[in-house]
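Comments concern the structure below.
The values are calculated or read from the model by the stated rules, or taken from the named source; none is laboratory data. The structure presented is a predicted model; accordingly, all values stated were derived computationally and were not measured. Note that each Cβ is placed from the backbone with ideal geometry, even for glycine, and that neighbours are counted across all protein chains shown.
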Amino acid sequence: MIFKMIILTIVIIIQIILFILFFHYSKNVPLIYIGYLCWALSAIFGWLPIHEFKRKGEVPKGKSYVHTTVFVDSGVYSIVRHPQFLAGILLSLAMIFIAQHWSVLISGCLVISILYKDMINADQAGIEKFGNEYKNYIKRVPRMNFLIGLIGVIKHQNSITEKNGKD
């Protein structure tokens, strides 16, 4: 686990350095805009979980937000199961789209593949920690496809509205 985190950190640092070096070589302007959109989404999915865990996770006083004591499936966690892994992937994609250089692409693919594997491991850890509650959560909420997640939240809200209207 620690070895994988060290490798991930090194690859992320390499991608950031390469991004800085090749930032000004971008040619395709639409890809640059897509990159900035990915960057903005990365910030959203990176910060919202901190707020949600602090608010609903019953984190013990003095502990980091990751030390939740209850299962949280509201807020951003009703849209995707792993918003901070998604944030890392989106940030890596942002650097790929903005820099448009093969070295940033290769390092970014490494980062994305490691983060995706970690998401799969996090699902397994969620099952071990929360059991059937987490298995049901997996059925309801996508791992990282936030568009499908948003559609699911909207459908759920519409069904609640229709149900309340019939009562």
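Any residue at all in the stretch 146-158 that's over 30 Å from GLY35 (Cβ atoms) and in contact with a helix residue (DSSP H, G or I) (Cβ under 7 Å, 6 or more places away or on another chain)? Among the residues of the stretch 146-158, not one is over 30 Å from GLY35 (Cβ atoms) and in contact with a helix residue (DSSP H, G or I) (Cβ under 7 Å, 6 or more places away or on another chain), which makes the answer no. Annotation: PHE53 fulfils all but one of (1) over 14 Å from the mean Cα position of the chain (by Cα); (2) of a type in the set (A, V, I, L, M, F, W, C); (3) buried (at least 16 other Cβ atoms within 10 Å of the Cβ); (4) farther than 28 Å from ALA125 by Cα; the unmet one is (4).
Which residue, of PHE3, PHE22, PHE71, PHE85, is within 18 Å of the chain's Cα centre (by Cα) and modelled with pLDDT under 90? Spell out how you get there, then give the answer.
Numbers: PHE3 fails: within 18 Å of the chain's Cα centre (by Cα); PHE22 fails: within 18 Å of the chain's Cα centre (by Cα); PHE85 fails: modelled with pLDDT under 90.
None of the other options fit; the residue is PHE71.
Determine whether the stretch 106-116 contains at least one residue that is of a type outside the set (S, T, N, Q), within 25 Å of ILE138 (Cα to Cα) and touching a Cys at 6+ places or on another chain (Cβ under 6 Å). No - not one qualifying residue is present in the stretch 106-116. Quick check, is LYS163 surrounded by fewer than 17 Cβ atoms within 10 Å (Cβ to Cβ) and closer than 19 Å to ASP73 by Cβ? So LYS163 does not fit the description; no.
Against the list (1) surrounded by fewer than 12 Cβ atoms within 10 Å (Cβ to Cβ); (2) in a helix (DSSP H, G or I), the condition ILE44 fails is (1).
Regarding the stretch 1-18, can at least one residue be identified that is of a type in the set (D, E, K, R), in a helix (DSSP H, G or I) and either without any contact (Cβ under 8 Å) to a residue 12 or more places away in the chain or under 18 Å from ASP118 (Cβ atoms) (or both)?
Step one: filter the stretch 1-18 for residues of a type in the set (D, E, K, R), giving 4.
Pick out the ones that are also in a helix (DSSP H, G or I) and you get 4.
Retained after the next criterion (residues that are either without any contact (Cβ under 8 Å) to a residue 12 or more places away in the chain or under 18 Å from ASP118 (Cβ atoms) (or both)): 4.
Yes: the stretch 1-18 contains one or more residues that are of a type in the set (D, E, K, R), in a helix (DSSP H, G or I) and either without any contact (Cβ under 8 Å) to a residue 12 or more places away in the chain or under 18 Å from ASP118 (Cβ atoms) (or both).
Can you pull out every residue in the stretch 126-147 that is of a type in the set (A, V, I, L, M) and exposed (fewer than 13 other Cβ atoms within 10 Å of the Cβ)? Break it down stepwise before answering.
As a first pass, look at the stretch 126-147 and keep what is of a type in the set (A, V, I, L, M): 127, 138, 141, 144, 147.
Listed by number, the list holds a single entry, LEU147.
Yes or no: ILE114 more than 19 Å from HIS51 (Cα to Cα), aliphatic (A, V, I, L, M) and surrounded by fewer than 12 Cβ atoms within 10 Å (Cβ to Cβ)? So ILE114 does not fit the description; no.
Residues that are part of a helix (DSSP H, G or I), crowded, with 18+ Cβ neighbours inside 10 Å and polar (S, T, N, Q): does the stretch 65-86 have at least one? Even if it seems obvious, please write down each step before you answer.
Taking the stretch 65-86 as the starting set, the residues that turn out to be part of a helix (DSSP H, G or I) are 75-78, 83-86.
Adding the requirement that they be crowded, with 18+ Cβ neighbours inside 10 Å leaves 76-78, 83-86.
Still in the list and also polar (S, T, N, Q): 78, 84.
Yes, the stretch 65-86 contains at least one residue that is part of a helix (DSSP H, G or I), crowded, with 18+ Cβ neighbours inside 10 Å and polar (S, T, N, Q).
LYS61 meets each of the listed conditions (1) surrounded by 13 or more Cβ atoms within 10 Å (Cβ to Cβ); (2) at pLDDT below 90 apart from (1).
Please specify each residue of the stretch 100-130 satisfying the condition of being farther than 17 Å from MET144 by Cα and of a type in the set (Phe, Trp, Tyr). TRP102, PHE130, listed by residue number.
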